[in-house]
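The values are calculated or read from the model by the stated rules, or taken from the named source; none is laboratory data. None of the values given here were measured: they were computed from a predicted structure. Note that each Cβ is placed from the backbone with ideal geometry, even for glycine, and that neighbours are counted across all protein chains shown.
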Amino acid sequence: MVFYFDNFNGYRVLKSDFLEGVTAFFTTRGQASTLTISLGEGIKTATPQQTHSDHIEFVDERIEYPDTDGLILTKSKQACYLRFADCTPLIFYNPKIRIGAVSHAGWRGTAQKIGVKTVEKMGGNPKDIIAVIGPAIGLCCYEVSDDVRSTLLETVTDHKGLTDGKNVDLKGINARQLQEIGVEKIDICHYCTSCNNDLFYSYRRENGTQNRHFAFLMLS
């Protein structure tokens, strides 16, 4: 379970050594907007119109995916990326049936269990899923209202260690949701986007910035 920085066609990206056989990474500050021009010919890249929903789509020949916060890839040379700035990026891959997905889990998506719904829509056995939870705002910085905290904690049976009172662990809640449906291989990035604002964009730290980093997945 190691996250490490690497280069992808000249871009500085963050990867997990959990994911082999696919191209998967998280971009860093200042590099997301031009990423897709470096992918090469024949690569279809999809990106949705994210609205903090729990709507998940399979990537096909469409150009637009409105009101969508999860995309599933089923064919080689398919790629997708979603945008983040504090919300939790979830990358999934099932090597046995060669299906991958990326989902966007802010607190609303987390409350709706978008990660769990993505795994279920991918099909196959959850024990075969490799899940990578990328850089997001951490327990250290994510203070929420009592209502939001209660809503989030109610999505898991065991919420031990997922709150310290006012704050909640969004990455940890997503991981716990996945564990409770049988996903065993989960890598959780330790980077907090607010604490590490020099590396990643943070909506809270930067007072509502419109800039975003990406979670990217491509099936070979």
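Just the residues that are closer than 14 Å to residue 217 by Cβ and of a type in the set (Phe, Trp, Tyr), please, taken from the range 74-126. Step through it out loud before you land on a result.
Residues of the range 74-126 closer than 14 Å to residue 217 by Cβ: 74-84, 89-95, 98-104, 118, 122.
Within the range 74-126, 81, 84, 92, 93 meet the criteria.
All conditions but one from (1) surrounded by fewer than 19 Cβ atoms within 10 Å (Cβ to Cβ); (2) touching a residue at least 24 places away in the same chain (Cβ under 8 Å) apply to residue 146; the one that does not is (2). Within the range 87-144, the set of residues being closer than 20 Å to residue 24 by Cβ and polar (S, T, N, Q) comprises 88, 94, 103, 118. Across the range 131-142, not a single residue is classified as of a type in the set (Ser, Thr, Tyr), crowded, with 21+ Cβ neighbours inside 10 Å and touching a His at 6+ places or on another chain (Cβ under 9 Å). There is no residue in the range 60-69 that is hydrophobic (A, V, I, L, M, F, W, C) and in contact with a Pro (Cβ under 8 Å, 6 or more places away or on another chain). Taking every residue in the range 182-193 that is surrounded by fewer than 21 Cβ atoms within 10 Å (Cβ to Cβ) and aromatic (Phe, Trp, Tyr) and pairing it with any residue that is at pLDDT 95 or above and part of a loop (DSSP other than H, G, I, E, B), at least 6 positions away or on another chain, the pairs with Cβ-Cβ distances below 6 Å are 191/135.
Do you know which of the residues in the range 80-102 that are in a strand (DSSP E or B) and surrounded by fewer than 24 Cβ atoms within 10 Å (Cβ to Cβ) is nearest to the chain's Cα centre (by Cα)? Only one residue fits best here, namely 83. Here residue 160 clears all of (1) in contact (Cβ under 8 Å) with a residue 40 or more places away in the chain; (2) over 14 Å from the mean Cα position of the chain (by Cα) except the condition numbered (1). Consider residue 72 carefully, then state whether it is crowded, with 18+ Cβ neighbours inside 10 Å and either part of a strand (DSSP E or B) or over 15 Å from the mean Cα position of the chain (by Cα) (or both). So residue 72 passes the test.
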